[in-house]
Amino acid sequence: MTTDNIAYGSYNSICTSATLVTNTVADSSDAFTAWQSARVDNIASVKAIDYEVVVQIPVTTGTVANDKAMYVYLVPWMYDGSGWVCGGNFGTATEPTGSEAAASISEPNSMKLAAVMPIVVQSSNAEAFFSVAAVCGGICPDGWSLAIRNNCGINSVATAKVAYRAITYTNA
């Protein structure tokens, strides 16, 4: 008789704080200035059944305004045997790239809304935790990336954390 056990992978940062801060520093009107992460590849080696994702973005002092929130979107990717096919768009002429960079996001878009992080007071943290599979309807895609936009009226700071950990099963 064997037993299936859940296994949690290592904590992996998905952003360089300087890039996140540079690209989400201020809210804007449609199209929104945002940050996109690098793609996490789930078919090359890990083959996880899910990923847990944590986001923590501190904001500076200032006046909370606009939506009083930051938005985290998930972009699913599928590998077609020779390249990556993106399963969501920014609602603009620019597609997600699978590389960490600035992004321009419009509303509506076809990404999956993973979290809304409210900011109601200055000098606080925008925080979220979610499961990639849950956001994608119960199945973990071949790859995934994130896009985050700030619409709270206050700049973020350099200690931002966006990280993930793979979830797999072991059999013993």
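Values quoted throughout were computed directly from the atomic coordinates according to the rules given, and no laboratory measurement underlies them. Here the structure is a predicted model, which is why all the values come from computation and not from measurement. With ideal geometry, Cβ positions are generated from the backbone for all residues, glycine too; neighbour counts draw on all protein chains shown.
One equal scatterer on each Cα of region 11-167, no solvent, Debye formula: the resulting log10 I(q)/I(0) at q = 0.13 Å⁻¹ is -0.54. Specify the residue with the greatest mean-square fluctuation among 76, 58, 108, computed from a Gaussian network of the chain linking alpha-carbon atoms under 10 Å apart. Its mean-square fluctuation being the largest, the pick is 108.
Summarised as an ellipsoid, region 100-172 has semi-axes of 27, 17, 12 Å, derived from the eigenvalues of the Cα gyration tensor scaled by 5 and square-rooted, with the largest first.
Subtracting the Cα-Cα distance of residue 163 and residue 80 from 0.36 nm times their residue separation leaves 27.3 nm of extension gain.
Placing +1 on the Cβ of every Lys and Arg and -1 on the Cβ of every Asp and Glu, with no other charges, gives region 11-167 a dipole of roughly 260 debye about its Cα centre. Summing Lys and Arg as +1 and Asp and Glu as -1 over all other residues whose Cβ lies under 11 Å from the Cβ of residue 54 gives a net charge of 0.
Structure remark: mean-square fluctuation, Gaussian network model of the chain, C-alpha springs under 10 Å; the largest value among 157, 64, 46 belongs to 46.
Seen from residue 79, the other residues with C-beta closer than 9 Å to its C-beta sum to a net charge of -3, counting Lys and Arg as +1 and Asp and Glu as -1.
A straight chain from residue 172 to residue 63 at 0.36 nm per residue would run longer than the Cα-Cα distance by 33.8 nm. From helices alone, the chain scores -1500 deg cm²/dmol at 222 nm; the rule is -39500 (n - 2.57) for each run of n ≥ 4 DSSP H residues, then divide by the residue total. Within the shell of other residues whose beta carbon sits under 15 angstrom from the beta carbon of residue 7, the net charge comes to -1, with Lys and Arg scored +1 and Asp and Glu -1. Dipole orientation for the chain: of the candidates 16, 98, 134, 16 has the Cα lying most toward the positive pole (charges on Cβ; Lys, Arg +1; Asp, Glu -1).
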